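The values are calculated or read from the model by the stated rules, or taken from the named source; none is laboratory data. Keep in mind that what you see is a predicted model, and the values were worked out from it rather than measured. Neighbour counts run over all protein chains shown; Cβ positions are idealised from the backbone, glycine included. Side chains included, ligands, DNA and RNA excluded: accessible areas come from the protein's heavy atoms. Shrake-Rupley method; radii C 1.70, N 1.55, O 1.52, S 1.80 Å.
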Amino acid sequence: MQIPMKMGTLNDSAGVCRRVRALRVFVTFTSLLAVVLASRPVQGDEITSGPPGTQVTENDRAFWSFQRIARPAVPGTVAATRVRSPVDAFLLSTLESQRLSFSPDVDSPTLMRRVWLDLVGIPPSPEAGAEFLADESPDAFERLVDRLLASPQFGERWGRHWLDLAGYVDTVGFDVDVDTIIVSERKWLYRDYVIQAFNNDKPYDRFLHEQLAGDELVDWRRSSKFTPEIRDLLVATGFLRTAQDFTHEEVGNIPQNHFGILHDTLEIVGTGLLGLTLNCARCHDHKFDPVPQEDYYRLMAVFTPAYNPNEWKIVFPYDKKLADRSLADVSPAERAQIESHNVGIERRIAELSEKLGELRRPYRERMFEQKLATIPEPIRADTKTAIAIPADKRNEVQAYLADKFAGSLKITDDEITAILSDGDKAATAEIAAQSSNLAGQRQSFGKIQALFDVGPPPVTRRLIRGNFETPGDEVQPGILRVLCDADASGILEGAIPPHAGTSGRRLALAQSLTARDARAAGLISRVMVNRIWQHLFQAGIVSTPENFGIAGAPPSHPQLLDWLAAQFVESGWKIKPLIRLIVCSTVYRQSAARILAVESSEISNSNPDEIDPENRLLWRMPLKRLDSEVIRDCILASSGTIDATIGGPPIMLEGKPDGTIVVSGNQAPTARARRSVYLLARRSFPLSELAVFDQPVVATNCLERARSAVPLQSLALLNGAFLWEQADQFAVGLERSNAHSAQDQILVAFQRVLARQPSVDERRRSVDFLEHQATLYRDKGLDGRIATHKALTRLCHTLLNTSEFLYTP
């Protein structure tokens, strides 16, 4: 039964939103204050210009995450029948050393729902479910995995993971006011690029090359025409445009923000790609990891030719004289041709407008004299003079007369059109048609929010205490020395510019990070493999995905991590085969039930809850709460209203007086049913249905989603207008389907929401629920058909409120 809204969930939400907004403003203020305090000029005796002198030792390079990848041997196991892949062998050998084993395989409907949610983020349709369950071949599950990996919805699900890592949002600058939305024009092209890259299974090394240096992979400046490949390479560099940028306003176009964007970009690259917290080295040598401050600024020097504080390009111009950081989606030659063409069009339109004005001028003068004649004769001439004089040159009397009579002397185009002769009306229509035809011939081009070098590489200096006002010694571009065999080898001296107008530094960085058998490639591959594992098992083999350094968590299965990283690199850096390998394993197929695992005959007398209470050894499948977007998408898919359109501009959001964030009423009717990845991405104000289920607030990026369980989530599902609307549509769909009887409707409803058939008890209780609810509605005087519909709506609403719906089994 619906919870009454006496206290008003929306009112409660409004209060929460107000408190959250106040907190965000406070956090923003204190953050800015901290930056100001940190950037104060230091005293003279604090400034040093020489190098820090910190060396990286061989002992530093011996740390496990900085080692080259070496494929370990696959261990043997006692329970060999439980090993479906080398992944299982590594895990099972560790479990057996603790006198444990895997839990039994989960049943087919549960496994089916699990892999659908993990790979494509929506539940299987009843038809797809029936097809899989009817397939009795030994490789039925493997073939289901292949179909899901080939689905375009795979990129939407796994692209969202990468967008979290990149810190992608559609907005620009501050995001502390629900009603102030400044959207970066066509930034969504990067989101679509990421989705398509995952769908195409673009090799991860190439994926990184394009995002770090797509503009340096092709000579786009001298290209006569942009091909789709050139556009994609420029769009890919949007990865380096995700840091919060305040230079869209004149007051924000200051060095403090210029350097702030560089620091945030390094944080995204560090935590996202390298799995290291580099920002500690902004002000001093890293306290834990072998990252001297000099190394931090050597890495910054890779990006300063593009993010050049001395020749800064803003997000989009508040002053047309300033340079825009975006690029046209056509080549410079094409843009010049388009602009020249449009100049000719505008000139011809201006000539037609002048011709039209000459045709109408006698009528305008005649009507003006007629209106002027209504003014008293003594002031008529003075009024005519006052109207003719520019406003800023009128004397006091003329200003009075103009203000008094300008309205009555005003002549509209419609008034002139009404008195035109038949011949002049025809001539006017002909001129208007010609102007309209010419206007339709205007050519245009779009924008790409790309990163590109803006001039010769500037000198990059180490900043004393991280303060841009106190530069120290000059540094050369390079990678972290701990990822090199010797200190000197980290300098990117061989970065020969591949094309005119670019330094080639970012391309050299990308190539050095993914060079086969390099320490950097070992770290990069381990970090990405760990993220894939994290998304499938909720926690990575390294439970601190942003920190593979000394202060981070050690890997729970180091040999498995190295084996997977080696497999990843040797298989051409392909992501889909790695996911397939993992989800087809026994560890992925096992039950998540804790009691079942403890009581299973396959496990020895040891109690896994006592030996490994946190399940780090994976003796059962972790129970995972769905991400916020998946919850919303599953609701849309279950109700049958989901719009599967791929890509395009973001679906705009708006704030309501009660504090909720909803889809804008100016969007197309189907916009509410688009997948959540296409909703406007904001730093602080996501859609309310997503915010309540831990949609992250994006300061820089998000490496791991929070998964809370709070009362507001239950209240939002019970009382939220969105879920009631979708439950109603769900019921309408059931009534229009072939499921005519209550029993059939119950069966289909369970299959859509939970991807399984109801048990005998669930079916009986559901029938009783429908009959009871329909009786209550009929007792209120509702028509029998309407009562039945409302009862079915409540059943659908109840299923969408179950805990089973909110979790990946």
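Worth pointing out:
- Every listed requirement among (1) farther than 30 Å from residue 583 by Cα; (2) modelled with pLDDT of 95 or more; (3) open to solvent by 50 Å² or more (accessible area, probe 1.4 Å); (4) out of contact with any Gly (no Cβ under 8 Å at 6 or more places or on another chain) is met by residue 793 save one, (3).
- Number of the condition not met by residue 177 [criteria: (1) acidic (Asp, Glu); (2) touching a helix residue (DSSP H, G or I) at 6+ places or on another chain (Cβ under 9 Å); (3) modelled with pLDDT under 95; (4) within 20 Å of residue 448 (Cα to Cα)]: (4)
For (1) surrounded by 23 or more Cβ atoms within 10 Å (Cβ to Cβ); (2) not in a loop (DSSP other than H, G, I, E, B), each residue gets a yes or a no:
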| site | (1), (2) |
| --- | --- |
| 176 | no, no |
| 193 | yes, yes |
| 197 | yes, yes |
| 202 | no, no |
| 206 | no, yes |
| 211 | yes, yes |
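- The set of residues in the stretch 622-655 that are open to solvent by 40 Å² or more (accessible area, probe 1.4 Å) and either free of Cβ contacts under 8 Å to residues at least 24 places away in the same chain or within 21 Å of the chain's Cα centre (by Cα) (or both) comprises 642, 644, 645, 646, 649, 652, 654.
- Residue tally, condition of a type in the set (A, V, I, L, M) and outside any helix (DSSP H, G or I), over the stretch 352-409: 3
- Scanning the stretch 685-701 for residues that are in contact with a helix residue (DSSP H, G or I) (Cβ under 7 Å, 6 or more places away or on another chain) and within 18 Å of residue 188 (Cα to Cα) yields 700, 701.
- Members of the stretch 388-412 that are open to solvent by 50 Å² or more (accessible area, probe 1.4 Å), closer than 21 Å to residue 366 by Cβ and either touching a helix residue (DSSP H, G or I) at 6+ places or on another chain (Cβ under 8 Å) or β-branched (Val, Ile, Thr) (or both): 408, 412
- From the options 289, 329, 295, residue that is touching a residue at least 12 places away in the same chain (Cβ under 8 Å) and under 25 Å from the mean Cα position of the chain (by Cα): 329
- Filter pass, residue 189 being touching a strand residue (DSSP E or B) at 6+ places or on another chain (Cβ under 8 Å), over 30 Å from residue 558 (Cα atoms) and modelled with pLDDT of 95 or more: yes
- The stretch 738-771: number of residues that are assigned to a loop (DSSP other than H, G, I, E, B) and in contact (Cβ under 8 Å) with a residue 40 or more places away in the chain: 3
- Sole exception among (1) under 22 Å from the mean Cα position of the chain (by Cα); (2) crowded, with 21+ Cβ neighbours inside 10 Å; (3) not small (Gly, Ala, Ser) for residue 124, by number: (1)
- Failed item, numbered, when residue 122 is tested on (1) in a helix (DSSP H, G or I); (2) within 24 Å of residue 585 (Cα to Cα); (3) among the hydrophobic types (A, V, I, L, M, F, W, C): (1)
- Restricting the search to helices (runs of 4 or more DSSP H) fully inside the stretch 551-605 and requiring at least 1 residues that are at pLDDT 95 or above and open to solvent by 10 Å² or more (accessible area, probe 1.4 Å) gives 558-570, 575-583, 586-589.
- Within the stretch 131-144, if we keep just the residues that are open to solvent by 60 Å² or more (accessible area, probe 1.4 Å) and in a helix (DSSP H, G or I), the residue that is nearest to residue 581 (Cα to Cα) turns out to be 143.
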